[in-house]
1. Residue separation times 0.36 nm, minus the C-alpha to C-alpha distance between residue 87 and residue 137: what's the value?
2. Roughly what would the spin-label model give for residue 68 and residue 130, points 7 Å off Cα along C-beta, in nm?
3. The range 83-107 to the range 16-69: how many Å between their Cα centroids?
4. When the chain is fully extended, how far beyond the present Cα-Cα distance does residue 7 get from residue 46, taking 0.36 nm per residue of separation?
5. Whole number please: convex hull volume per residue of the Cα set in the range 9-100, in Å³?
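Every number in this text was worked out from the coordinates using simple rules, so none of it is lab data. This is a predicted model, so every value here is computed, not measured. Positions of Cβ are generated from backbone atoms using ideal geometry, with glycine treated the same way; all protein chains shown enter the neighbour counts.
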């Protein structure tokens, strides 16, 4: 969550829905509600401030492995909510992330590709990735394997491994 407004946000709710991609764009509220899960937050203090909200995704709501799901999120505040029929690109309080559902087997290697930034991004070129090991999984091993393709240079690869704590 990022406060893109000009005032303090005292309280907010983030609703999450998981829907199968049907080849059309989702609009509010039909695509976003009913929600699968929700989280609330308080005092997103200053304009530009960020916070992370977490909620549980019920196992019964996880689509079948191999399917193309969409995670839809809507931020609702007392004075700012999306209007009916609006799409993600039409309101800052709506978000969509396309998903590929995988069934990760215990004790198996799993590679999760993701993009941190691209050449057109307005993110700073220097950033820090942090891998946080769940406290209930002290033996979990994980690593980052990344590729960077600077303009005018050949392909480079970097690897950062998480060390046991």
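1. Contour length minus the Cα-Cα distance gives 14.1 nm.
2. It is 3.5 nm.
3. Cα centroid to Cα centroid, the span is 6 Å.
4. Between residue 7 and residue 46, full extension yields an extra 13.4 nm.
5. 104 Å³
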